[in-house]
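The values are calculated or read from the model by the stated rules, or taken from the named source; none is laboratory data. Model, not experiment: these values are computed from the prediction. All Cβ positions, even for glycine, are placed from backbone atoms using ideal geometry, and neighbour counts span all protein chains on display. Surface accessibility is based on the protein's heavy atoms, side chains included, excluding ligands, DNA and RNA. Shrake-Rupley method; radii C 1.70, N 1.55, O 1.52, S 1.80 Å.
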Amino acid sequence: MARPSNALSAALVFILAVLILGGTLFASPSGYSIFSVVSGSMEPAIPVGATIAVRKTKNHPLPPGSVITFTAGDILITHRIEDVGFDGEYYYITRGDANQNPDAAPVRPQQVLGRVDFVTPSHVVAVLRFLRNPAVLLVLIPALLIVWSHSSPKIQRAKNTNNAGRENQ
């Protein structure tokens, strides 16, 4: 009976570790930056609320079809490259998948933060949106604590039983 409780505890610890540490551990040493998407301009490929991993790249020009994150003034934008041009240096014509027209200004390589290499799946976005609701957290956190508190004695009894059995051998 201890196995389901032990597995549940391990799963909860793993999920919390991924959510809390995942972004910072993944981002720094790997050359990736992690961003949350706040606009629907790339839907359905990148839904609002998705988390994207953007890898720095020095390989220019990037091919059409690549999804890049770039700066436009103080704003970060993630759009798809539609075309590549050259007027003494490379530039990109970009457009959000949900937008009818390309972006007004071409994007220069020095504006590009990197190429989008990973997007959280839409079902993960839905779960994260659900978990952001304070009412859900007010129910979920106590429920998890109750499950953990009830499973801890069972796990301890199982360990004591196993250790007692080994001592008798």
_Net charge of Cβ neighbours under 15 Å - reference Met42; Lys, Arg +1; Asp, Glu -1_ = -2
*Tell me which residues come under 5 Å, amide H to amide H, from Leu113 once H is placed; ignore anything under 5 positions away on its chain.*
Thr69, Phe70, Thr71
*Among Asp87, Asp103, what's the order by accessible area (1.4 angstrom probe), most exposed first?*
Asp87, Asp103
*asked:* Testing the spin-label approximation: label points 7 Å from Cα along Cα→Cβ at Asn99 and Ile141. State their distance in nm.
replied: 3.9
*Using a cut-off of 15 Å between beta-carbons, work out the net charge of the residues near His60 (Lys and Arg +1, Asp and Glu -1, His60 not included).*
+2
*Can you list the HN-Hα couplings for the range 136-141, worked out from phi with the Karplus curve (6.51, -1.76, 1.60; θ = phi - 60°), rounded to whole Hz and with x for Gly and Pro?*
5, 5, 5, 8, 5, 4
_Amide H within-cut-off set for Asp103, under 5 Å, with H built and near neighbours excluded_ = Thr94, Arg95, Gly96
*Amide H to amide H, which residues 5 or more places from His60 or on other chains are under 5 Å from it, using H placed in the peptide plane?*
none
*Where does each of 133-146, 63-76 land if you order them by average Cβ count within 10 Å, highest first?*
63-76, 133-146
*In nm, what is the difference between 0.36 nm times the number of residues separating Trp148 and Val38 and their Cα-Cα distance?*
36.1 nm
